[in-house]
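The values are calculated or read from the model by the stated rules, or taken from the named source; none is laboratory data. Since we're looking at a predicted model, the values are computed, not measured. Don't worry about glycine lacking a Cβ; one is built from the backbone with ideal geometry, like all the others, and counts go over all protein chains shown. Calculation scope for accessible area: heavy atoms of the full protein, side chains included, ligands and nucleic acids excluded. Shrake-Rupley method; radii C 1.70, N 1.55, O 1.52, S 1.80 Å.
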Amino acid sequence: MATVKTVATTPFSGQKPGTSGLRKKVAVFAQAHYLENFVQSVFDSIGDIAGKTLVVGGDGRYHNRTAIQTILKMAAANGFAKVMVGRGGILSTPAASCVIRKYQTFGGIILSASHNPGGPTEDFGIKYNIPAGGPAPEAITEAIFARSEKITQYRILDAADLDLDRLGEQHLGEMVVEVFDSVADYAELMQSLFDFDAIRAAFKAGFRMKFDAMHAVTGPYAVEILEHRLGAPAGTVMNGVPLEDFGGGHPDPNLVHAHDLVAALTGAGAPDFGAASDGDGDRNMILGRDFYVTPSDSLAVLAANATLCPGYKAGLKGIARSMPTSAAPDRVAARLGIPAWETPTGWKFFGTLLDAGKATFCGEESFGTGSDHVREKDGLWAVLAWLNVLAVRKQSVAEIVTAHWQDYGRNVYSRHDYEGIDSAAAEGLMEHLRSLSLKGQTLGAYRVAFNDDFAYTDPVDGSVSKKQGIRVVFEDGSRVVFRLSGTGTEGATLRVYIERYEPDAAKHHLDPQVALADLISIARDLAQIEARTGRTEPTVIT
Ligand code: G1P
Ligand code: ZN
């Protein structure tokens, strides 16, 4: 008979969830009591869990299975009636959100460090999602953190490990563990939103695409949906087998890390469409032949074409974007006569707007796009939305995006990341920016309209989030934004976001790095990047 053990423990410092959950090196999570302390802090902070159902799954990275076994035993010892686990411990983040909602559970625990590398010396992560399916809002993550700083004991069942690969029900003490098909519910949801017949017909007529799963979680989802259900030829999905270390790669779908895909989409013989997703399946990158779609433009184009997709035939209620995302989606919202919302960085801020029916589509410049179908960003959702639009409009990606720019003007946009800089230098740089008062000053060809540290009051629940990024906004609407990453595990990452509106179609073809050159140098000077960080160039440009 399995018995409940109460284990004495002492707090670890720094169990503070960041932009998206708690992320640390595997070695940190593997220390005795570390994961247990955090999980108990979650269970102690989310209300009455007795008799409830929890969803558990992860992106399959190194340590996923070990962590899940521990979480199951703790869930049993803490009184959950049931835990639903994706087969093999696999659940993409959007699929987890889908299942949490569909089965009206008490939320879920997602094991992922998203796009960060995986493996014994790399990153691991954990977050709790609420019953609505989205990341816990700050009030809950703060409560979890506060609890973790005072914790004295945790409860765990003394029992053997379960077989996570066997579909069906097993028991842990009095708790039921149901291992379920990680793909089926999600695939069904996608089928309910998009015109699978039109997409299938396009593939039949010779439309070609490549999807790069980057050896991360979306492999099985993409093979099932694209190749099996939509009839794309075998081999459409590249790097489709999830690996614990993502094949040694950095599972981040951008121009730098998804280089295999970028190469495949370059040149005359390239396929019509290319897409990639990240470690846990919530990010996406969209490419046409020799053409890159910025995530901000992708959100704008999808919003403008939403009614072509059966699930959104009735139109959108609103569009939400994170503050650093370009204003391209706002122009679509204005045309549609629907609200445009500007939230802080992080998907958790979209939850209240989606729940309240104030927004239908939302997105971030960081390769995140999604809708009210779940409460996470959703990589394959964006890919299917694009496929739906392409199949109906029968134009190329480049034609659709350039026509969009002609119609709305182009929000020329780029993000420059300076990764792995010294934390104290990064803080100093931000403090310096915060101390500036620039209103009315002329910088190069631009006059500053205002500068501030973005603060947000949630229009639904009234909660206030401060210090969400330094904005320097110019009189013509151009702007540069500075933030420090809240997802890294080593040193600091400075993100600089640069945007300028270009109404003149004759200039839309220009490389953004050229079109934005003067703003880029204004940003570098303002933040004294070289003097403070020693860096002359960013590590990643998207
Ligand atoms: C980054 C992105 C942000 C996204 C988050 C989780 O956070 O910038 O938009 O929501 O990853 O995917 P950051 O590292 O900038 O805090
Ligand atoms: Zn992710």
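Report, for the range 200-358, the % of DSSP beta bridges that are antiparallel, rounded to 5. Rounded to the nearest five, the antiparallel share is 45 percent.
Given in Å, the Rg to one decimal and the Dmax to the nearest whole number for the Cα atoms of the range 411-542 are 15.3, 44. Projected onto planes of every orientation and averaged, the convex hull of the alpha-carbon atoms in the range 401-450 covers 5.9 nm².
The Cβ shell under 11 Å around residue 90 holds other residues with a net charge of -1, Lys and Arg each +1, Asp and Glu each -1. When you restrict to C-alpha pairs under 8 Å that are six or more residues apart and normalise by the size of the range 312-362, the relative contact order lands at 48 percent.
Take every pair of alpha-carbon atoms less than 8 Å apart whose residues are at least six positions apart; their mean separation over the length of the chain yields a relative contact order of 13 percent. Under 16 Å of direct C-alpha separation, and excluding same-chain neighbours fewer than eight residues apart, residue 204 reaches these aspartates and glutamates: 195, 227, 272.
From the mean inverse distance of alpha carbon pairs (Kirkwood) and the Cα radius of gyration, derive Rg over Rh for the range 181-282. Don't skip to the answer; put the middle values down first.
Numbers: Rg = 13.5 Å, Rh = 14.0 Å.
That ratio is 0.97, to two decimals.
With the biggest extent put first, the Cα atoms of the range 236-392 measure 42, 33, 26 Å across the principal axes.
Quick check on the range 99-173: take the gyration tensor over C-alpha atoms, sort the square-rooted eigenvalues as a ≥ b ≥ c, and tell me if it's rounded (a/c under 1.5), prolate or oblate. Could the numbers behind the result be given before it?
Values: a/c = 1.24, a/b = 1.21, b/c = 1.02.
Judged from the Cα gyration tensor, the range 99-173 comes out rounded (a/c under 1.5).
How many percent of DSSP beta bridges within the range 205-292 run antiparallel, rounded to 5? Taking every DSSP beta bridge within the range 205-292, about 55 percent pair in antiparallel fashion. By a straight-distance test (C-alpha under 25 Å), which lysines pair with residue 24 as possible cross-link partners, with residues fewer than eight away in the same chain excluded? Once the sequence-local lysines are set aside, what remains near residue 24 is 16, 73, 127, 150, 348, 377, 466, 467.
From the P(r) of the range 1-66, could you give the percentage of C-alpha pairs in the tail past 17 Å? Walk me through the intermediate numbers first.
Working: 1152 of 2145 pairs.
More than 17 Å apart: 54 percent of the Cα pairs in the range 1-66.
Normalised by the number of residues in the range 80-155, the average gap of Cα pairs under 8 Å and 6 or more apart makes the relative contact order 24 percent. Bridge orientation summary for the chain: considering DSSP beta bridges with both residues in this region, about 70 percent are antiparallel.
Against the empirical 2.2 N^0.38 Å (N residues), the chain has a Cα radius of gyration ratio of 0.95. Distances between every pair of Cα atoms in the range 313-366, grouped in 10 Å steps from 0 to the bin holding the largest one, split as 29, 58, 13 percent.
For the range 281-350, the C-alpha radius of gyration divided by 2.2 N^0.38 Å, with N the number of residues, is 1.13.
Calculate, for the range 1-43, the solvent-accessible area per residue in square angstrom, rolling a 1.4 angstrom probe over the heavy atoms of the protein chains. Display every interim value, and only then the final one.
Details: 1860 Å² over 43 residues.
Averaged over the residues of the range 1-43, the accessible area is 43 Å².
Taking a sphere under 11 Å around the Cβ of residue 288 and counting the other residues whose Cβ falls inside, with K and R at +1 and D and E at -1, yields a net charge of -2.
Any idea of the accessible area per residue across the range 89-246, 1.4 Å probe, to the nearest Å²?
Working: 6060 Å² over 158 residues.
Counting only protein heavy atoms, the per-residue value for the range 89-246 is 38 Å².
Tally Lys and Arg at +1 and Asp and Glu at -1 over the other residues with C-beta under 13 Å from the C-beta of residue 187: what net charge comes out? Residues close to residue 187 contribute a combined charge of -4. From the alpha carbon centroid of the range 80-111 to that of the range 413-435 is 36 Å.
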